[in-house]
């Protein structure tokens, strides 16, 4: 009878199309918006992921990765003095102003890597060599810089020269890294040169990156560094989640995306639920006939559930497929942000399951109460 | 075979009430009848006299309050719901007033439903459904949908569906109500030819006097009672 149920569903084209469209739209809306939200959250943690150090040491008042409270240079040595530290290097990150060849300005995020080790270097160089950062006035720019400068009519390539706070910067490499939340290009250089680009200040150290010696865990090392006055050591993973939690708590982003996701749920329940109920309601006469002919309640329940979960599965597939296609398209352009971890389709599957179960249960209540004798009325 | 063994359905003093708020409405007030194997029994009477209620309790789609109904020596009053459902599935074929053909299923799919309900595979059920459709002259309409058929053809599909699993009791509720007189006659001729067999009983509820001539016996109802038994439709017309 499940075959019969599916034929009844698929051949009622108007309602079937309405059901699938409703659920597909609902899945698309929830999946796409959740993925954009996740993508946005990933942008907020771009610095953490791009640098990739095991332990980050910051000012004790820092609440998230993108909040820089400058520290004294001596903090690097204080961290190095902690037992169990394999290495500790300085990192500068600051927003500076670049002046392009045509005189226009562009805010950039200057990343100053430890001159000796270049710890935190970009992993994906698309042109040039990162080691060339040790040459005079050299910088490595990311793909966002190339794109933003291109829009202003300036082609960035190896050897291109521009200015950062009136000081010369010569491109010796182009890299591909995760883009930042504010969309400013990353300009990599050495720590010493970054300080020259930066506006003079008494404290200029943004972060101390550290790693534990063998046998010491990141957590243990962070705990030991935390005993130093005025410093806060955070494991990379913890900093990642701390940053995401901060943005969720302190910005309207989750409310904005959450509203759309809830709208998707409402659309799903309203359109799909109502249409499915109508579909079953329209077929009640035939279900009663089946019942009179000897169909058990469990057979009818299986038919209704098969119909509900079939449209749910198909609608979900189309919706998630469209969301993936959208993601694939925008990922090539890197905007808007899009990141679909497995939890997103799993969450959407759960919601669709809920909508289908809810619709089926409401319809089933009617089917179970159905008197077979109604076929004679 | 004695007269007693020929009885397929025996209804004895059956009472059925429906509650309507504080009051109770008596639909059947002690109705009694017998239907024998190899005959077409028609239950006739004015609207609201209890014909359809009597049909519903005979085929076990409606429970009754008092009395006794025996179908093929099975006491329906003592059957549990599950047993009753299985009994209907195995022993009864239905022909409804509005045909109740599923509009999204082809004729062969509609006809195969009773067999699928009995657990037959779709292929086997459709094979047997084709045979029955051939017998009722719809061999060319296997793949047609109900809305592509005339009223008479739809009723023939409904008859095929009622016969495909070879039930011993055929229940027909106003089988000609939605048909013109020519189609109605053809339907009854077909029903008599294909459904009526020595080991089978056909019970028809109708108020269409044009088809009384097809009955072997007629039971007249009024106000919840059986008020007359006639072996010939002409007796009814003179009564």
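The values are calculated or read from the model by the stated rules, or taken from the named source; none is laboratory data. Note that the coordinates shown come from a computational prediction; the quantities given were computed from them, not determined experimentally. Because the Cβ atoms are built from the backbone with ideal geometry, glycine has one as well, and the counts that use them run over all protein chains shown.
Would you confirm whether or not segment A:33-47 contains a residue that is touching a strand residue (DSSP E or B) at 6+ places or on another chain (Cβ under 9 Å) and over 30 Å from residue A:300 (Cβ atoms)?
Step one: list which residues in segment A:33-47 are touching a strand residue (DSSP E or B) at 6+ places or on another chain (Cβ under 9 Å), which gives A:46-47.
Among the residues that remain, those that are also over 30 Å from residue A:300 (Cβ atoms) are: A:46-47.
Yes, there is a match, as at least one residue in segment A:33-47 is touching a strand residue (DSSP E or B) at 6+ places or on another chain (Cβ under 9 Å) and over 30 Å from residue A:300 (Cβ atoms).
The set of residues in segment A:79-105 being in contact (Cβ under 8 Å) with a residue 40 or more places away in the chain and assigned to a loop (DSSP other than H, G, I, E, B) consists of A:82, A:83, A:84, A:100, A:101, A:102, A:104.
Does residue A:187 qualify as being assigned to a helix (DSSP H, G or I) and farther than 30 Å from residue B:97 by Cβ?
Details: assigned to a helix (DSSP H, G or I): no; farther than 30 Å from residue B:97 by Cβ: yes.
Answer is no for this residue.
Of the numbered criteria (1) closer than 30 Å to residue A:293 by Cα; (2) away from chain B (no Cβ under 14 Å), the one residue A:377 fails is (2).
With the condition kept exactly as written, say whether any residue in segment A:2-18 is away from chain B (no Cβ under 14 Å) and either touching a residue at least 60 places away in the same chain (Cβ under 8 Å) or out of contact with any helix residue (DSSP H, G or I) (no Cβ under 7 Å at 6 or more places or on another chain) (or both). Show your work before the answer.
Start the filter on segment A:2-18 by keeping residues that are away from chain B (no Cβ under 14 Å), which leaves A:18.
Checking which are either touching a residue at least 60 places away in the same chain (Cβ under 8 Å) or out of contact with any helix residue (DSSP H, G or I) (no Cβ under 7 Å at 6 or more places or on another chain) (or both) leaves us with A:18.
Yes: one or more hits.
Filtered by the rule that a residue be within 11 Å of chain A (Cβ to nearest Cβ), assigned to a helix (DSSP H, G or I) and under 22 Å from the mean Cα position of the chain (by Cα), segment B:95-145 gives B:109, B:110, B:112, B:113, B:114, B:115, B:116, B:117, B:125.
Within this structure, residue A:57 fails the test of being more than 30 Å from residue B:112 (Cβ to Cβ), part of a loop (DSSP other than H, G, I, E, B) and away from every other protein chain (no Cβ under 14 Å).
Note on segment A:325-336: among residues that are surrounded by fewer than 17 Cβ atoms within 10 Å (Cβ to Cβ) and assigned to a helix (DSSP H, G or I), the one that is nearest to the other protein chains (Cβ to nearest Cβ) is A:325.
Checking each residue in segment A:261-306 for being more than 30 Å from residue A:34 (Cα to Cα), more than 14 Å from chain B (Cβ to nearest Cβ) and buried (at least 21 other Cβ atoms within 10 Å of the Cβ) picks out only A:304. Of the helices (runs of 4 or more DSSP H) lying entirely inside segment A:197-274, those containing at least 3 residues that are under 20 Å from residue A:344 (Cα atoms) span A:236-250, A:253-267. Restricting segment A:19-48 to residues that are under 30 Å from residue B:110 (Cβ atoms) and under 28 Å from the mean Cα position of the chain (by Cα) leaves a set whose member that is nearest to the other protein chains (Cβ to nearest Cβ) is A:20. Please verify whether residue A:360 is in a helix (DSSP H, G or I), at pLDDT 80 or above, more than 14 Å from every other protein chain (Cβ to nearest Cβ) and closer than 30 Å to residue B:84 by Cβ, treating the condition exactly as stated. Judged against the criteria, residue A:360 is a match. Just to verify a result, which residue in segment B:51-69, among those that are assigned to a helix (DSSP H, G or I) and more than 9 Å from chain A (Cβ to nearest Cβ), is surrounded by the fewest Cβ atoms within 10 Å (Cβ to Cβ)? So the residue we want is B:58. Going by the conditions given, is residue A:339 crowded, with 17+ Cβ neighbours inside 10 Å and either modelled with pLDDT of 90 or more or in contact with a strand residue (DSSP E or B) (Cβ under 6 Å, 6 or more places away or on another chain) (or both)? No: the conditions fail for residue A:339. On the stretch given as segment B:165-189, residues that are surrounded by 16 or more Cβ atoms within 10 Å (Cβ to Cβ) and part of a loop (DSSP other than H, G, I, E, B) total 8. Residue under question is residue A:76, and the condition is that it be outside any helix (DSSP H, G or I), more than 14 Å from chain B (Cβ to nearest Cβ) and touching a residue at least 12 places away in the same chain (Cβ under 8 Å); does it hold? For residue A:76, the condition - outside any helix (DSSP H, G or I), more than 14 Å from chain B (Cβ to nearest Cβ) and touching a residue at least 12 places away in the same chain (Cβ under 8 Å) - is not met.
Taken over segment B:190-213, the residue count meeting the criterion of being in contact with a helix residue (DSSP H, G or I) (Cβ under 6 Å, 6 or more places away or on another chain), more than 21 Å from residue B:133 (Cβ to Cβ) and not in a helix (DSSP H, G or I) is 1.
Pick from segment B:1-50 the residues that are in a loop (DSSP other than H, G, I, E, B), at pLDDT 85 or above and out of contact with any helix residue (DSSP H, G or I) (no Cβ under 7 Å at 6 or more places or on another chain): which of them is surrounded by the fewest Cβ atoms within 10 Å (Cβ to Cβ)?
Initial filter on segment B:1-50 (in a loop (DSSP other than H, G, I, E, B)): B:1-3, B:21-22, B:37-39, B:45-50.
Keeping just the survivors that are at pLDDT 85 or above gives B:37-39, B:45-46, B:49-50.
With the extra rule that they be out of contact with any helix residue (DSSP H, G or I) (no Cβ under 7 Å at 6 or more places or on another chain), the set shrinks to B:38-39, B:46, B:49-50.
On the way: B:38: 14, B:39: 19, B:46: 11, B:49: 23, B:50: 24.
Ranking the candidates gives B:46 first.
When the residues of segment B:70-88 are narrowed to those that are at negative phi, surrounded by fewer than 21 Cβ atoms within 10 Å (Cβ to Cβ) and in contact (Cβ under 8 Å) with a residue 12 or more places away in the chain, which ends up farthest from the other protein chains (Cβ to nearest Cβ)? Walk me through how you get there before you give the answer.
Residues of segment B:70-88 at negative phi: B:70-71, B:74-88.
Within this subset, residues satisfying the condition of being surrounded by fewer than 21 Cβ atoms within 10 Å (Cβ to Cβ) are B:70, B:74-75, B:77-84, B:86-87.
Narrowing further to those that are in contact (Cβ under 8 Å) with a residue 12 or more places away in the chain: B:70, B:74, B:77, B:79, B:84, B:87.
On the way: B:70: 19, B:74: 14, B:77: 16, B:79: 13, B:84: 9, B:87: 8 Å.
Looking at residues that are at negative phi, surrounded by fewer than 21 Cβ atoms within 10 Å (Cβ to Cβ) and in contact (Cβ under 8 Å) with a residue 12 or more places away in the chain, I get B:70.
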